[in-house]
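Student: Got a structure for you, written out below as structure tokens; questions coming shortly.
The values are calculated or read from the model by the stated rules, or taken from the named source; none is laboratory data. Computed from a prediction, not measured in an experiment: that's the story for all the values here. Cβ: placed from backbone, ideal geometry, glycine included. Neighbour counts: every protein chain shown. The protein model used for the area step is the full one, side chains on, heavy atoms only, and it has no ligands, DNA or RNA in it. Shrake-Rupley method; radii C 1.70, N 1.55, O 1.52, S 1.80 Å.
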Amino acid sequence: MKKRTIIYTILVSALLLGATTAQAQRKQLAVGKVKTSTSITADASAKGSANSLMRVAEAIDGQLIDALNGTRKFEIIARSDLDALLEEGAFTGAGLQVGGSDYLLVPVIDDYQDLIERATFEGIGATAEKRKIRLGMVARIYDSTSGKLIESANFQLDNKNMEKLLSNSSRNGSFSDELLRKIAEEMGGKIANRVVDVIYPARVIALTGPQVTINRGDGTGIRVGQAWAVYALGEEMIDPDTGESLGQSEVKVGTVRIDRVSPKFSTGTISENYGIAKGFVVRQLN
């Protein structure tokens, strides 16, 4: 009898462990290669900025994958790396399953401007140049199982926070390369954070006195000093016209100011509290 009880306990523990592992398994996100709309490509070619458009698209492709991987929320399949993955699978004899992802992200560049502003100071015989770049993108998130569009978000970015005044600078210098990289990095981070917020809204995972712990860490856009609002979730809302779920109603129950950012989570101090509890949704205040 005792032996049977021990065996039963082991089996139950194994089942619970398996269930926990399955429940904790990360969703798979397929990331499409960054595309550029036809009109933007034609406009860039006409203005002589086709090369910089191509370079920024390639840079965003890599930065976006890196940013998404840094969120630690998904298993990533990068479509831009598909050829290399298939070649490696054929070489090693291990098959590659490219289907079956939970979500698909389609990033598209739909606005791009790259120009040089020059200023001549005749009194001292010097010329200063400033490169101005404007970048706009649309990121669409699809449910891969149903093919339905979950979210379509627009992102606008320019280099006004990265501008440097260089004397006799050039389009092809190291300054240009660094500027493109920084813009690509910031855009990749913005899109990655939006994807995470749509699929996995930030939540309160621990509450100890005035301290709140949020499941957002380094690499997800959270910063020390930011103010975040906490929301209690109510009943599910259904669109009466389409019968589609619009998510749950939200009621603000407090605010938190971030004090510390760790690799996997962040902590903050409550500044307003009307009933904050573990599991509630947290969103950054603008």
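Student: Name the residues in the range 135-150 that are open to solvent by less than 10 Å² (accessible area, probe 1.4 Å) and out of contact with any strand residue (DSSP E or B) (no Cβ under 6 Å at 6 or more places or on another chain), would you? Steps first, please.
Tutor: So the first thing to find is which residues in the range 135-150 are open to solvent by less than 10 Å² (accessible area, probe 1.4 Å), and the list is 135-137, 139, 141.
Within the range 135-150, none qualify.
Student: Considering only residues that are over 17 Å from the mean Cα position of the chain (by Cα) and more than 12 Å from I109 (Cβ to Cβ), look in the range 31-48 and name the one that is most open to solvent (accessible area, probe 1.4 Å).
Tutor: Residue satisfying both the conditions and the ranking: K47.
Student: Follow-up. So, of the residues in the range 212-231 that are aliphatic (A, V, I, L, M) and crowded, with 16+ Cβ neighbours inside 10 Å, which turns out to be farthest from Q284 (Cα to Cα)? Spell out the reasoning first.
Tutor: Step one: list which residues in the range 212-231 are aliphatic (A, V, I, L, M), which gives 212, 214, 222, 224, 227, 229-230.
With the extra rule that they be crowded, with 16+ Cβ neighbours inside 10 Å, the set shrinks to 212, 214, 222, 229-230.
Numbers: V212: 14, I214: 11, I222: 8, A229: 6, V230: 9 Å.
The selected residue is V212.
Student: Would you mind stating whether Q156 is closer than 19 Å to S49 by Cβ, touching a strand residue (DSSP E or B) at 6+ places or on another chain (Cβ under 7 Å), at pLDDT 90 or above and in a strand (DSSP E or B)?
Tutor: Working: closer than 19 Å to S49 by Cβ: yes; touching a strand residue (DSSP E or B) at 6+ places or on another chain (Cβ under 7 Å): yes; at pLDDT 90 or above: yes; in a strand (DSSP E or B): yes.
Yes: the conditions hold for Q156.
Student: If we keep just the residues of the range 232-264 that are assigned to a loop (DSSP other than H, G, I, E, B) and within 25 Å of R216 (Cα to Cα), which is least open to solvent (accessible area, probe 1.4 Å)?
Tutor: That would be S262.
Student: Which of the residues belonging to the range 91-105 are open to solvent by 30 Å² or more (accessible area, probe 1.4 Å) and either modelled with pLDDT of 65 or more or in a loop (DSSP other than H, G, I, E, B) (or both)?
Tutor: Within the range 91-105, the subset open to solvent by 30 Å² or more (accessible area, probe 1.4 Å) is 91-100, 102-104.
Answer for the range 91-105, where residues must be open to solvent by 30 Å² or more (accessible area, probe 1.4 Å) and either modelled with pLDDT of 65 or more or in a loop (DSSP other than H, G, I, E, B) (or both): G93, A94, G95, L96, Q97, V98, G99, G100, D102, Y103, L104.
Student: For the range 60-80, how many residues are among the hydrophobic types (A, V, I, L, M, F, W, C), open to solvent by 30 Å² or more (accessible area, probe 1.4 Å) and in a helix (DSSP H, G or I)? Talk me through it step by step, then tell me what you get.
Tutor: Of the residues in the range 60-80, the ones among the hydrophobic types (A, V, I, L, M, F, W, C) are 60, 64-65, 67-68, 74, 76-78.
Right, trim to open to solvent by 30 Å² or more (accessible area, probe 1.4 Å) and you get 65, 76.
Then keep just the ones that are in a helix (DSSP H, G or I); that gives 65.
So the count comes out to 1.
Student: If S271 satisfies all but one of (1) open to solvent by 40 Å² or more (accessible area, probe 1.4 Å); (2) touching a helix residue (DSSP H, G or I) at 6+ places or on another chain (Cβ under 8 Å); (3) among the small types (G, A, S), what's the number of the condition it fails?
Tutor: (2)
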